[in-house]
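One structure is given below, encoded as structure tokens.
The values are calculated or read from the model by the stated rules, or taken from the named source; none is laboratory data. Given the structure is predicted, the values throughout are model-derived calculations rather than measurements. Cβ sites come from the backbone with ideal geometry, for glycine too, and all protein chains shown count toward neighbours. In case anyone asks, the SASA skips ligands and DNA or RNA and just uses the protein heavy atoms, side chains included. Shrake-Rupley method; radii C 1.70, N 1.55, O 1.52, S 1.80 Å.
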Amino acid sequence: MSLTTDEIEVRDFVVNQKNGVKGLVDFLTLTTLPSPYIQPPQERFTSDKILLGSPVPVIDVSNWNEPHVAREICHAASKLGLFQIVNHGIAPAEFKGVIAAARGFFELPAEERRRYWRGSSVSETAWLTTSFNPCIESVLEWRDFLKFEYLPQRHDFAATWPSVCKEQVIDHFKRIKPITERILNILINNLNTIIDESNKETLMGTMRMNFNYYPKCPEPSLAIGTGRHSDINTLTLLLQEDGVLSSLYARATEDGDKWIHVPPIPGAIVVNIGDVLQILSNDRYRSVEHCVVVNKYCSRVSIPVFCGPVHDSVIEPLPEVLDKNNEMARYRKIVYSDYLKFFFGRPHDGKKTIESIKLP
């Protein structure tokens, strides 16, 4: 039976009853955007904000040892904080497999998806939720996501993951990890240091993955899929589903409100710098603010892998950077768990988290 939004309390249905926005579009008749999803005018993404003629760099990494590869990666990390890589060694069929696995999960019956809802998930290392932080957001984001934590040191870490996608998720983690290590090595070497046992847990002690699902939206101009934010980890490697254009946007410059489209390129991985690298590099690298808009005619899947510090890591500008350039630290030191707490205790709000530890 189809219901209308007048017949239910939307936020309760989506969040408390664990249906997510996927349940909303599956079971309700939606011709207008429900009020909990209507963004205030200043947060709506409009075409006048798009900067044309500034393409995101696409870097061919078929030979990682070519000097120009390192130069291009470091330049993109410094100027935009985002780039795409191609010819990285992962076959297109493997990308399609993990995208299909993500869609497979969200096509499961609602009662099966609810088994993984955050706070009552059958798995300690996989959980489903909606929006960003629905308990504190006054306006919800038009997105559900299933998050996985990669803990290969525990033999049973994936034992209760959904069977429809477990194998593909494990394989994708394994394929992405060495690519992440290569990029981080290039970026850290450029800062006059190396990755070793003293800093490895700070740079890449954790790996997590999202299955982001953005359903069709009746009034996309009033909604947002993921609000503007920068990632708070070290490095993010993202798969975009082929064919869904005008979805991911990155802020063109630190000041001003212009955005660059990040188009889906078959077989490409989008790489973006997180706050941790901006802090460690003392602003040599830029964590990029980005957002996702939604579509009236089709749903969309994206799959980011987040590489970051362990929770008790202390984050501060690297002494090698400060010593080499004889400069003062621009950020105060902070335990990463406190940084996470600040970020997840608020709605998406641009780069407020990194700004909170910036020194005057």
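Conditions tested, residue by residue: (1) among the basic types (K, R); (2) open to solvent by less than 10 Å² (accessible area, probe 1.4 Å); (3) more than 16 Å from T202 (Cβ to Cβ); (4) in a loop (DSSP other than H, G, I, E, B).
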residue	(1), (2), (3), (4)
K296	yes, no, yes, yes
E320	no, no, no, no
H348	no, no, yes, yes
P360	no, no, yes, yes
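When the residues of region 116-147 are filtered to those that are surrounded by fewer than 22 Cβ atoms within 10 Å (Cβ to Cβ) and under 18 Å from D26 (Cα atoms), the one that is nearest to the chain's Cα centre (by Cα) is T129. Any residue that is in contact (Cβ under 8 Å) with a residue 24 or more places away in the chain, within 23 Å of V262 (Cα to Cα) and of a type in the set (S, T, N, Q) - is there at least one of those in region 176-189? Among the residues of region 176-189, at least one is in contact (Cβ under 8 Å) with a residue 24 or more places away in the chain, within 23 Å of V262 (Cα to Cα) and of a type in the set (S, T, N, Q), which makes the answer yes. The one condition from (1) under 22 Å from the mean Cα position of the chain (by Cα); (2) over 13 Å from S230 (Cβ atoms) that F343 does not meet is (2). If the condition is being farther than 18 Å from I183 by Cα and not hydrophobic (A, V, I, L, M, F, W, C), then region 197-223 contributes S198, N210, N212, Y213, Y214, P215, K216, P218, E219, P220, S221. Looking at region 86-101, can you tell me whether even one residue there is more than 25 Å from K174 (Cα to Cα), hydrophobic (A, V, I, L, M, F, W, C), open to solvent by less than 60 Å² (accessible area, probe 1.4 Å) and touching a residue at least 12 places away in the same chain (Cβ under 8 Å)? No; the residues of region 86-101 include none that is more than 25 Å from K174 (Cα to Cα), hydrophobic (A, V, I, L, M, F, W, C), open to solvent by less than 60 Å² (accessible area, probe 1.4 Å) and touching a residue at least 12 places away in the same chain (Cβ under 8 Å).
Kindly establish whether H172 is over 21 Å from E112 (Cβ atoms), free of Cβ contacts under 8 Å to residues at least 12 places away in the same chain and either out of contact with any Phe, Trp or Tyr (no Cβ under 7 Å at 6 or more places or on another chain) or crowded, with 23+ Cβ neighbours inside 10 Å (or both). No; evaluated as a whole, the condition is false for this residue.
Taking region 77-187 as the region of interest, the strands (runs of 3 or more DSSP E) fully inside it that hold 2 or more residues being of a type in the set (D, E, K, R) are 144-149. Criterion applied to S302, S313, S281 was being of a type outside the set (A, V, I, L, M) and either loosely packed, with under 14 Cβ neighbours inside 10 Å or under 30 Å from Y37 (Cα atoms) (or both), and the one residue passing it is S302. Residue-level check: of (1) in contact with a strand residue (DSSP E or B) (Cβ under 8 Å, 6 or more places away or on another chain); (2) closer than 21 Å to V86 by Cβ, P266 misses just (1). Under the condition of being in contact (Cβ under 8 Å) with a residue 40 or more places away in the chain, part of a loop (DSSP other than H, G, I, E, B) and either buried (at least 18 other Cβ atoms within 10 Å of the Cβ) or touching a Lys or Arg at 6+ places or on another chain (Cβ under 9 Å) (or both), the residues counted in region 243-266 number 6. Residues satisfying the criterion are absent from region 228-241 (criterion: among the small types (G, A, S), open to solvent by 10 Å² or more (accessible area, probe 1.4 Å) and either at pLDDT 95 or above or touching a Phe, Trp or Tyr at 6+ places or on another chain (Cβ under 7 Å) (or both)).
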